[in-house]
Amino acid sequence: MRIVVLVSGSGSNLQAVIDAVASGSLPVEIAAVGADRPGTFGIERAAAAGLDTFVVNFKDHAARTDWDAALLEAVAAYKPDYVVSSGFMRIVAPGFIDAFEGRYVNTHPALLPSFPGAHGVRDAMAYGVKVTGCTVHFADAGVDTGPIIAQTPVAILPGDTEDILHERIKVAERELLIKVLGDLAAA
Ligand code: GRF
């Protein structure tokens, strides 16, 4: 199973996937890692692991549709079986979803459909829920919508800050993502 992983940030979830592949516990091939902006640590991690990388810089494209087309072309060139959005902070175009229908996997640091969007951890805390968590799902063209594959609950503890809670969620999120990818590879 070939995957392309898309990142926007630190890529710690990506690192967990890289490590699982390297240790032989996850039978997938990471064909490439792409980002929507230059200078992400995620791309550095991928390069350090000897993986192919690409950047389709959102800011380099005058029209949104140009970026959409460039992203689709860059990802499709690797002929992935699955595309994994791992902290990729962009909504992709419907054309991208059509091209990878049922094959575009997203991770989100909340129990969807609660708390979608860029601040899932903060919003769960602000609401005052006592349990949040993470979701891995097949993404559609909405904001963190699409069929849920798996979820893990994470309790919100007294004294949690957004950062502390997010780090605890990310531990669960990494495990869940690797489990889901393993299951998809075995299917
Ligand atoms: C993850 O919690 C992801 O779900 C969210 O941002 C975080 C990415 O972290 N959207 P990293 O880049 O994998 O460290």
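The values are calculated or read from the model by the stated rules, or taken from the named source; none is laboratory data. Every value quoted in this text rests on a predicted model; they were computed, and no experiment measured them. Cβ placement follows ideal geometry from the backbone for every residue including glycine, while neighbour counts extend to all protein chains displayed.
Comparison of Val154, Val121, Val105 shows that the only residue that is surrounded by 20 or more Cβ atoms within 10 Å (Cβ to Cβ), more than 28 Å from Asn57 (Cβ to Cβ) and of a type in the set (Val, Ile, Thr) is Val154. Of all residues in the stretch 134-152, those being under 15 Å from the mean Cα position of the chain (by Cα) and outside any loop (DSSP other than H, G, I, E, B) number 9.
Every test in (1) part of a loop (DSSP other than H, G, I, E, B); (2) touching a residue at least 24 places away in the same chain (Cβ under 8 Å); (3) over 24 Å from Gly39 (Cα atoms) is passed by Gly159 save one, and that test is (2).
Being under 19 Å from the mean Cα position of the chain (by Cα) and not aliphatic (A, V, I, L, M) is the filter here, so list the residues in the stretch 61-72 that pass it. Residues satisfying the conditions are Trp67, Asp68. Keeping to the stretch 34-52, report how many residues are in contact with a helix residue (DSSP H, G or I) (Cβ under 8 Å, 6 or more places away or on another chain), assigned to a helix (DSSP H, G or I) and of a type in the set (A, V, I, L, M). Qualifying residue count for the region: 1.
Residue count for the stretch 92-110 satisfying the condition of being within 12 Å of the ligand (Cβ to nearest atom) and not in a strand (DSSP E or B): 2.
Just so you know, in the stretch 5-33 the residues that are away from the ligand (no atom under 15 Å from the Cβ) and part of a strand (DSSP E or B) include one that is surrounded by the fewest Cβ atoms within 10 Å (Cβ to Cβ), and it is Glu29.
A residue that is within 16 Å of His166 (Cβ to Cβ), at pLDDT 95 or above and not small (Gly, Ala, Ser) occurs nowhere in the stretch 71-91.
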